[in-house]
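Participant: For reference, the structure I am asking about is given below.
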Amino acid sequence: MDTPLIDLSTNKFKDVAVITINNPPVNALSPTVARGLAEAMEQADKDEGVSAIVLTGAGRTFVAGADIKEFGKITSGKSERGAGLNPLLRQIEDLSKPVVVAIHGNAFGGGLELAMACHYRVAAPNAQVGQPEVKLGIIPGAGGTQRLPRLVGVAKAVEMCAEGNPISAQEALQLGLVDRLIEGDLLTGAVAFAREVTTRPIPRTRERDGKLNLPDKTIFDAAREKARTKQRGQMAPLAAIDAVEGSTRLSFEEGSQQEQRVFRECLFSDQSKALIHAFFGEREVAKIPEIAKETPIIPVNSVAVVGAGTMGGGIAMVFANAGIHVLLKEADQAALDRGLATIQKNYQSSVKRGRFTQQFVDECLRRIKPTLTYDAFGEVDMVVEAVFEGMALKKEVFTQLDLVCQPGAILATNTSTLSIDEIASATSRPDAVIGTHFFSPANVMRLLEVVRGKSSSKQVIATCMQLSKKLGKVGVLVGNCRGFVGNRMFGPYRREAQFLAEEGAAIEAVDRVLYDFGMAMGPMATGDLAGLDVGWRIRKEYRHLEKPGVRQPFAEDRLCELGRFGQKTGAGWYKYDENRHATPDPEVAALVRKWAAEAEIPQRTISTDEIVDRCIYALVNEGARILEEGIALRAVDIDIIYLHGYGFPAYRGGPMWYANTVGLKKVYERICELCDRHGELWAPAPLLKQLADAGKTFADFGVDQAVTA
Ligand code: 3H9
């Protein structure tokens, strides 16, 4: 073959040709792979000594799909996409000899579409198959919406194409998507299977119309309804449903043409570009330019968590879920019992919801060992401190940890705002100290801000970054400043939301507009969920740093003075029933109006656009400062923090990506207007001006300029 990406062997099994796709790491179907595959298939089909063909993937997986990197080239006009993979799949489906695909690892996206164009599919028992394209803002584009319903039925195809979740090989077998599971050596099993089918008539998926008959029409409406709630704001799931529906009323050819049109529309959409940015961003954040890949990692087999409150308990669960033994320490028995009871309750609800099995939960609970002392701390590889947010207490804990922990142990703090360097100063080993900022609820939220102090060693940083993956988290390395990246940006965002309410916007209107923008929750509702008192305490601690004469929001502090801390007190911005269901509270609306009158804040009608601009651009402007200061390594790191920790809609790519989409010049000009009207809190970040003037985007500000920590 003229390409090393495809290996054709007709020697090993004589009568069965084996074609292997070898395009590490995930055998993505690049145009070169597709060309090589077409040649290899043709050659094997012509070979008279060959009676069947087996298609496999080398390495850890069969095929993870089309090469996503190609999409960017197509949409930017750097590469022309012709008919895509369809001609290749048609060629394979039309071969005169049976083609058996052997799936291990994953057959995703174009990988599954390729498999469905083959005549038979066998799989390793732990393989997974799926059409995850909607997660990238597109739909299957190589016949997936047409072949899948023919194999698994319309209802399942709608679900798989619209939701994008993979199914196991066992389920695929039951559905008829896979013909046999192979225990033991997959290739040997696939070859044996191929020999069994050589004399049978060749089944071609596109001709198998049996499962398309009379589908219950409500399937599509129900799927659309579900997509509108579960994948709110996204166009690809609805487009995927339309395309699968096409299979029930159009011929295979017409259905495929419709699929192509819709695929292309989706591919060129802002949503798809944003979701692809998020896909690569999630992987990019793991790469820390100045930390070499070969940096030795500290093995973390046991940890201790100090503090069994909401955060400490959640963090203990995260480690236990990952198979790591946890020592959970509290100051007194009552607090420890409360913490353990909450952990039990959370695990039980996971079992009820089917997330975990009882057996798994029992194993996790056995890994969590409660304690009231530091006695066994000398044996653990890492400690995560999660005590009350106060510098004096944190320093006390770290002084103690310094005394009891073994040399080489990682000393991490879960602080969300305090200085890592000051905490580290309480120890004789600041190089071992680092921030691991989990997000609440720690056992659910995927974000982990890894906060480097000025002395944190590369080994400790590399270990925490790698550990985040083991814990099922997306670790993002950030520098040390008040609030780090996420909370530092969240301050101005929530400040503007309060200002808008103080200037006349209805509380629920502010929330509704940002929810409609795509945020998981509005800013007021988020405050009520997290507890308004948390920010109130922090603001009181830092009040002396506020510049006199600069406007500060007051409504939330006043609500706290009235004991309205949010959901936990049954009242905050909203009032809550016993099930924590929110309803607008006219009393709060009246209070805010009264306070605004006292403060002589003119009341006016506020537009939807103003609400979005003020809240989202407040994020962007602070994000630009963070980037310029090197607190975040790259703009994409900020985006990933906001997608995984703050409910920013992935289909908008994160605040920095969103600003790029709007155009930095436009964003800068709007911020200048806001600055003229509302004063210095809106002073545009110098980096924003610089990039806007140069016609650049945040993505152009690279790692070279960043000076983290
Ligand atoms: C599609 O197929 C459209 C079709 O309908 C046809 C249209 C014509 N392309 O995730 P990992 C890279 S759309 C290019 O860290 P894991 C990834 O960036 C596609 N690159 O490994 C990373 O690079 P780096 C539908 C890809 O073991 C490296 O591979 N398919 C692709 O944790 C390792 O990846 C999907 O959406 C790709 N398709 O997880 C599946 N996939 O090392 C997307 C991965 O430089 N992929 N890379 O950072 C996945 O879900 C996971 O990668 C997978 C492996 C589960 C497969």
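The values are calculated or read from the model by the stated rules, or taken from the named source; none is laboratory data. Note that the structure is a prediction, hence the values are computed from the model and not measured. Counting neighbours? That spans all protein chains shown, and the Cβs are built from the backbone with ideal geometry, glycine included. Side chains included, ligands, DNA and RNA excluded: accessible areas come from the protein's heavy atoms. Shrake-Rupley method; radii C 1.70, N 1.55, O 1.52, S 1.80 Å.
Participant: Keeping all protein chains in the complex and leaving out DNA, RNA and ligands, what accessible area do you get for Phe263 with a 1.4 Å probe, in Å² to the nearest 10?
Facilitator: Using a 1.4 Å probe on the heavy atoms, I get roughly 10 Å².
Participant: Right, here's the next one. Whole number in Å², please: accessible area per residue of the stretch 200-342, 1.4 Å probe, ligands, DNA and RNA not counted.
Facilitator: The answer is 49 Å² per residue.
Participant: What relative contact order, as a whole-number percentage, does the stretch 486-700 give when Cα pairs under 8 Å and 6 or more residues apart are counted?
Facilitator: 23
Participant: Then there's this: How tilted is helix 586-598 with respect to the longest principal axis of the chain? Cα atoms for both, answer in degrees (0 to 90, nearest 10).
Facilitator: With both axes taken from Cα atoms, the answer is about 50 degrees.
Participant: Determine the order of Glu629, Glu330, Glu259 by accessible area, beginning with the largest, at a probe radius of 1.4 Å.
Facilitator: Descending accessible area places them as Glu629, Glu330, Glu259.
Participant: Given 20 Å bins starting at zero, what is the percent of C-alpha pairs of the chain in each, up to the one with the largest pair distance?
Facilitator: Spelled out per bin, shortest first, that is 16, 43, 33, 8, 0.
Participant: So the label point goes 7 Å from the Cα of Asp332 along Cα→C-beta, right? Which residues of the stretch 282-311 then have their backbone N under 13 Å from it?
Facilitator: none
Participant: Reachable lysines from Lys156, Cα under 23 Å, same-chain residues fewer than 8 places away excluded?
Facilitator: Within the straight-line cut-off, Lys156 pairs with Lys135, Lys211, Lys217, Lys226, Lys230.
Participant: Further question: Please report how far the C-alpha centroid of the stretch 419-466 lies from that of the stretch 523-596, rounded to the nearest whole angstrom.
Facilitator: Taking the Cα centre of the stretch 523-596 as reference, the centre of the stretch 419-466 is 30 Å away.
Participant: Carbon and sulfur together cover what percent of the accessible area of the stretch 486-700 at a 1.4 Å probe radius?
Facilitator: On the stretch 486-700, the fraction of accessible area on carbon and sulfur atoms equals 54 percent.
Participant: Out of all Cα-Cα pairs in the stretch 616-709, roughly what percent, to the nearest whole number, are more than 19 Å apart?
Facilitator: For the stretch 616-709, the fraction of Cα-Cα distances above 19 Å is 35 percent.
Participant: Moving to a separate point now. Need one value: the accessible area of Cys266 in square angstrom, 1.4 angstrom probe, rounded to the nearest 10.
Facilitator: For Cys266, solvent-accessible area is about 0 Å².
Participant: For the stretch 504-604, what does the relative contact order come out to in percent, with C-alpha contacts under 8 Å and a separation of six or more?
Facilitator: On the way: 95 pairs, mean separation 26.6, N = 101.
RCO, the stretch 504-604: 26 percent.
Participant: Quick check: from the Cα gyration tensor, does the stretch 457-517 come out rounded (a/c under 1.5), prolate or oblate?
Facilitator: oblate
Participant: Shifting gears a bit: Whenever you get a sec, line up Thr608, Thr56, Thr310 from highest to lowest accessible area (probe 1.4 Å, protein heavy atoms).
Facilitator: Heavy-atom accessible area, descending, gives Thr310, Thr608, Thr56.
Participant: Another question about this same structure. Quick one: Debye curve from the C-alpha atoms of the stretch 225-350, no solvent, what's log10 I(q)/I(0) at q = 0.15 Å⁻¹?
Facilitator: Per q value, in the given order, log10 I(q)/I(0) is -0.88.
Participant: Oh, and also: If each residue of separation counts as 0.36 nm, what is the full-extension length gain between Ala222 and Arg593 once their alpha-carbon separation is subtracted?
Facilitator: Going from the current span to full extension adds 129.3 nm.
Participant: Among Ile671, Val397, Val26, whose Cα projects farthest towards the positive end of the dipole of the chain, with charges put on the beta-carbon of Lys, Arg (+1) and Asp, Glu (-1)?
Facilitator: Val26
Participant: Another question, then. Which loop chymotrypsin sites (Phe, Trp or Tyr not before Pro) in the stretch 360-454, with loop taken from DSSP, have no more than 14 other Cβ atoms within 10 angstrom of their Cβ?
Facilitator: Answer by residue number: Phe388.
Participant: Hey, another quick one. Using a Förster distance of 51 angstrom, determine the FRET efficiency expected from the C-beta separation of Thr608 and Arg249, and round it to 0.05.
Facilitator: Working: r = 39 Å, r/R0 = 0.76.
According to the calculation, E is roughly 0.85.
Participant: Of all the accessible heavy-atom surface of the stretch 6-268, with the other protein chains kept in place and a 1.4 Å probe, what percent is carbon and sulfur? Please report the intermediate quantities before stating the final value.
Facilitator: Working: 5460 of 10720 Å².
Reported share for carbon and sulfur atoms: 51 percent.
Participant: If you line up the long axis of helix 358-367 against the longest principal axis of the chain, both from Cα atoms, how many degrees apart are they, to the nearest 10?
Facilitator: 50
Participant: Another question, then. Might you report the magnitude of the Cβ-based charge dipole of the stretch 486-700 about its Cα centre, with Lys and Arg at +1 and Asp and Glu at -1, to the nearest 20 debye?
Facilitator: The calculation lands at about 240 debye.
Participant: Of the DSSP beta bridges with both residues in the chain, give the percent that are antiparallel, rounding to the nearest 5.
Facilitator: Bridges in the chain are about 25 percent antiparallel.
Participant: Whenever you get a sec, line up Met235, Met465, Met524 from highest to lowest accessible area (probe 1.4 Å, protein heavy atoms).
Facilitator: From most accessible down to least: Met235, Met465, Met524.
Participant: If you plug each phi of the stretch 306-321 into the Karplus form 6.51 cos²θ - 1.76 cosθ + 1.60 with θ = phi - 60°, what whole-Hz ³J(HN,Hα) values come out, in order, with x for Gly and Pro?
Facilitator: 9, x, 10, x, 4, 6, x, x, x, 5, 4, 5, 4, 5, 4, 4
Participant: Could you tell me which of Tyr617, Gly307, Gly491 has its Cα farthest along the dipole of the chain towards the positive end, charges placed at Cβ (Lys, Arg +1; Asp, Glu -1), taken about the Cα centre?
Facilitator: Highest projection toward the positive end goes to Gly307.
Participant: Using the structure shown, list the pairs from Lys329/Lys394; Lys352/Lys469; Lys287/Lys473 with a Cα-Cα distance above 18 Å, or answer none.
Facilitator: From the list (Lys329/Lys394; Lys352/Lys469; Lys287/Lys473), the Cα-Cα distance tops 18 Å for Lys352/Lys469.
Participant: Shifting gears a bit: Sequence neighbours fewer than 8 away in the same chain don't count; with that in mind, list the aspartates and glutamates whose C-alpha is under 19 Å from Lys73.
Facilitator: Excluding near neighbours in sequence, the set is Glu133, Glu265, Asp270, Glu284, Asp700.
Participant: Still on this structure: For the chain, what does the relative contact order come out to in percent, with C-alpha contacts under 8 Å and a separation of six or more? Intermediate values should be presented prior to the final figure.
Facilitator: On the way: 1341 pairs, mean separation 62.3, N = 709.
Value for the chain: 9 percent.
Participant: To continue, here is another question. May I ask you to list the lysines whose Cα is less than 25 Å away from that of Lys689, ignoring any residue fewer than eight positions away on the same chain?
Facilitator: Lys273, Lys547, Lys665, Lys666
Participant: Per-residue ellipticity at 222 nm for the chain, helices alone: DSSP H runs ≥ 4 residues times -39500 (n - 2.57), over residue total, nearest 500 deg cm²/dmol?
Facilitator: Taking each H run of at least 4 residues, the total per residue is -15000 deg cm²/dmol.
Participant: Give, rounded to the nearest 20 debye, the magnitude of the charge dipole that the chain has about its Cα centre when Lys and Arg contribute +1 at Cβ and Asp and Glu contribute -1 at Cβ.
Facilitator: For this selection, approximately 460 debye.
Participant: Let me ask something else. Taking R0 as 60 Å, what's the FRET efficiency between Thr229 and Glu48 from their Cβ-Cβ distance, rounded to 0.05?
Facilitator: Calculated value: 0.55.
Participant: With every protein chain left in place, what is the accessible area per residue of the stretch 1-75 in square angstrom, probe 1.4 Å?
Facilitator: With the other protein chains kept in place, the stretch 1-75 gives 45 Å² per residue.
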